[in-house]
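A short write-up of the structure that comes next.
Every number in this text was worked out from the coordinates using simple rules, so none of it is lab data. Please read these numbers as outputs of a predicted model, since none were measured by experiment. Please note: Cβ atoms are built from the backbone with ideal geometry, for glycine as well, and neighbour counts cover all protein chains shown.
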Amino acid sequence: MAESYKAVGKQSISFKNPPYIIAEASLVGKKEGEGPLGPLFDQIIEDPMFGKNTWEEAESELMKLTALKVLMKAGLKNTDIRYLIGGDLLGQLIATSFGIAELQIPLFGVYGACSTMGEAMSLGAILVEGGFADRVLAITSSHFAGAEKQFRFPLDYGNQRPYSASWTVTGSGAVIIASESTVKKETGKDIVITGVTSGKIVDYGIKDSMNMGAAMAPAAFETIKQNFEDFKLQPDYYDMIFTGDLGYVGKNILLELLKEKGYDITDRYTDCGIEIFDKDNQDTHAGGSGCGCSAVTFTAHIIRKLKEGKWKRVLFVPTGALLSQVSFNEGNTIPGIAHAVMVEAK
């Protein structure tokens with residue numbers, strides 16, 4: 001088999017025959033549907049329980065519905081997918097494992113906290129480009145109530161939220177990555193993954209679980225800088241750069257860190273957590289977060305702009321805070337990680 005990819009620099013891979021994103025799906029809750037991206041989502045589900053008895057069961061149902069939606073949009077069956085790569089924020093990835101069990105698709109469960117969509121897409125692209133799979137389904141989810149229950153306080157407690165706190169998105173996003181395009185050339189553009197830059201764990205000593213932006217911004221900085229260095233690029237190579245969950249606090253930190261290294265991305269950068277909610281009218285403080293935040297923003301908003309020809313190249317950088325109930329309660333710091341996916345319209 002001819003070489004189809006190559007390692008670039010310290011942390012990146014360039015695909016000689018870029019794999020295609022042939023379908024995408026986004027399902028969200030009521031609050032997300034009321035935000036600026038509301039009209040773009042495939043489905044808005046008003047019931048936060050999704051017809052189930054617990055928050056965890058609700059998130060599993062959300063993920064299952066999203067997987068079924070992306071299969072339907074691609075015109076495929078579950079048996080047409082070689083591997084499913086997915087993850088969530090719950091312990092032992094129970095939203096994923098319970099959610100997609102009945103689909104009977106071979107599963108790689110992955111955890112990168114809120115960066116999981118970037119990790120899943122990166123691994124999916126590597127499998128497809130390497131010839132190990134013809135189609136891979138990458139999916140993540142999060143649920144506001146489930147995340148609050150696990151990482152912070154149960155909703156019934158009614159705790160106050162500082163302005164640095166982010167709001168975990170109730171949503172699930174999925175893409176199908178394939179070796180061949182299904183787009184009719186006269187009707188639209190191919191969306192391809194041209195490369196990835198895998199993140200390293202970065203720890204700046206942040207211990208405040210109500211300030212996820214500050215914890216994750218250094219990791220986003222390191223990954224974006226490494227992408228520029230590995231591929232010998234300047235920021236203007238991309239039409240847009242999206243981080244996943246930094247919100248307003250983390251965004252400012254990231255911009256300053258990059259400027260210190262000579263990279264000014266101000267005119268082509270935003271964050272999925274900023275785009276998904278209305279800061280003035282939705283009371284989400286620093287913005288959105290959660291595995292579903294970057295996933296639904298990518299599948300509903302970013303891909304749409306690429307297909308419409310508004311953007312040609314996007315660097316998609318989901319960001320994650322690597323904490324658990326145990327680590328936080330034992331007083332440990334909150335390391336961060338970020339995975340960058342280079343997406344292009346052709």
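Counting other Cβ atoms within 10 Å of each Cβ, which trypsin sites (Lys or Arg not before Pro) in the range 1-95 have at most 15 and sit in a DSSP loop? Working shown, then result.
Working: sites: 6, 10, 16, 30, 31, 52, 64, 69, 73, 77, 82; in loops: 10, 16, 52, 77, 82.
Of the trypsin sites (Lys or Arg not before Pro), the ones in loops of the range 1-95 whose Cβ has at most 15 other Cβ atoms within 10 Å are 10, 16, 52, 77.
Kindly write out, for the range 193-198 in residue order, the coupling ³J(HN,Hα) from the Karplus curve 6.51 cos²θ - 1.76 cosθ + 1.60 (θ = phi - 60°), rounded to whole Hz, with x marking Gly and Pro.
Each residue of the range 193-198 in turn: 9, 8, x, 9, 10, 7 Hz.
Given Cα pairs under 8 Å that are at least 6 residues apart, what percent is the relative contact order of the chain? The partial results should precede the final answer.
Numbers: 898 pairs, mean separation 84.7, N = 346.
Averaging sequence separation for qualifying contacts and normalising by length gives 24 percent for the chain.
Run through the range 32-79 and list the GluC sites (Glu not before Pro) located in a DSSP loop whose Cβ has at most 12 other Cβ atoms within 10 Å. Intermediate values should be presented prior to the final figure.
Working: sites: 32, 34, 46, 56, 57, 59, 61; in loops: 34, 46.
Passing both the DSSP loop test and the Cβ count: 46.
Please report the antiparallel percentage of the DSSP beta bridges confined to the range 1-125, to the nearest 5. Walk me through the intermediate numbers first.
Details: 4 of 11 bridges.
The answer is about 35 percent antiparallel.
What's the magnitude of the charge dipole for the range 5-178 around its Cα centre, counting Lys and Arg as +1 and Asp and Glu as -1 at the beta-carbon? Answer in Debye, nearest 20. Please list the in-between numbers first.
Numbers: 15 positive and 18 negative charges, 113 e Å.
The calculated dipole for the range 5-178 is roughly 540 debye.
Could you give the length gained on full extension between residue 239 and residue 79, defined as 0.36 nm per residue of separation minus the Cα-Cα distance, in nm? Don't skip to the end; give the middle numbers.
Working: separation 160, 0.36 × 160 = 57.60 nm, distance 3.65 nm.
Length difference between fully extended and current span is 54.0 nm.
With respect to the cross-link table entries 31/261; 207/346; 6/64; 30/73; 52/251; 52/225, which display a Cα-Cα separation exceeding 32 Å? Provide the component values of the computation, followed by the final result.
Details: 31/261 38 Å; 207/346 43 Å; 6/64 34 Å; 30/73 22 Å; 52/251 36 Å; 52/225 43 Å.
Cα-Cα > 32 Å for 31/261; 207/346; 6/64; 52/251; 52/225; rest within.
Among 179, 327, which comes first, then next, by fewest other beta-carbon atoms within 10 Å? Don't skip to the answer; put the middle values down first.
Numbers: 179 17, 327 13.
The fewest-first ordering by Cβ neighbours comes to 327, 179.
Springs between alpha-carbon pairs under 10 angstrom, Gaussian network model over the chain: which of 299, 116, 319 fluctuates most?
Taking springs between Cα atoms under 10 Å, the residue moving most is 299.
Give the long-range amide H neighbours of residue 110: residues separated by 5 or more places, or on another chain, with amide H under 5 Å away, using H modelled in the peptide plane at 1.01 Å from N.
Here the answer is 86, 87, since their amide H atoms fall under 5 Å of that of residue 110.
Rounded to whole Hz and in sequence order, give me ³J(HN,Hα) for the range 243-249 from the Karplus expression 6.51 cos²θ - 1.76 cosθ + 1.60, θ = phi - 60°, writing x for Gly and Pro.
Values per residue, Gly and Pro as x: 8, x, 8, 7, x, 5, 5 Hz.
Could you tell me the calculated FRET efficiency between residue 308 and residue 208, based on Cβ-Cβ distance and R0 = 35 angstrom, to the nearest 0.05?
Details: r = 39 Å, r/R0 = 1.12.
That gives a FRET efficiency of 0.35.
By DSSP, what percent of the beta bridges with both residues in the chain are antiparallel, rounded to the nearest 5?
Working: 38 of 59 bridges.
Looking only at bridges with both residues in the chain, the antiparallel portion is about 65 percent.
Run the paramagnetic zone check for residue 283: 7 angstrom along Cα to Cβ, then residues of the range 30-58 with backbone nitrogen under 15 Å.
Residues passing the 15 Å test: 31-32.
Under the rule of at least 5 residues apart or a separate chain, name every residue whose amide H is placed under 5 Å from the amide H of residue 182.
none
Based on the Cβ-Cβ distance from residue 92 to residue 260, what FRET efficiency comes out when R0 is 41 Å, to the nearest 0.05?
For R0 = 41 Å, the calculated efficiency reads 0.55.
Between the range 32-101 and the range 191-270, how many Å separate their Cα centres?
Using only Cα atoms, the two centres lie 27 Å from each other.
Can you give the relative contact order of the range 193-345 as a percent, counting alpha carbon pairs under 8 Å and 6+ residues apart? Could you put the intermediate results ahead of the total?
Numbers: 308 pairs, mean separation 57.4, N = 153.
The value is 38 percent.
Provide the per-residue ³J(HN,Hα) series for the range 219-229, in order, calculated from phi with Karplus coefficients 6.51, -1.76, 1.60 and θ = phi - 60°, each as a whole number of Hz, with x at glycine and proline positions.
5, 4, 4, 5, 6, 5, 4, 5, 4, 4, 6
Helix-derived [θ] at 222 nm for the chain: sum -39500 (n - 2.57) over DSSP H runs of at least 4, divide by residue count, nearest 500? Present the calculation step by step, with values, prior to reporting the outcome.
Working: 11 runs with 108 residues, N = 346.
Per the formula, -9000 deg cm²/dmol.
May I ask you to derive the relative contact order of the range 22-83, considering only C-alpha pairs under 8 Å and at least 6 residues apart, and to give it as an integer percent? Intermediate results must be reported in sequence, preceding the final value.
Values: 59 pairs, mean separation 21.3, N = 62.
Here the relative contact order equals 34 percent.
Going through the range 289-346, which GluC sites (Glu not before Pro) have at most 10 other Cβ atoms within 10 Å and a DSSP loop state?
Numbers: sites: 308, 330, 344; in loops: 308, 330.
Here the GluC sites (Glu not before Pro) that fit, given the DSSP loop and packing criteria, are 330.
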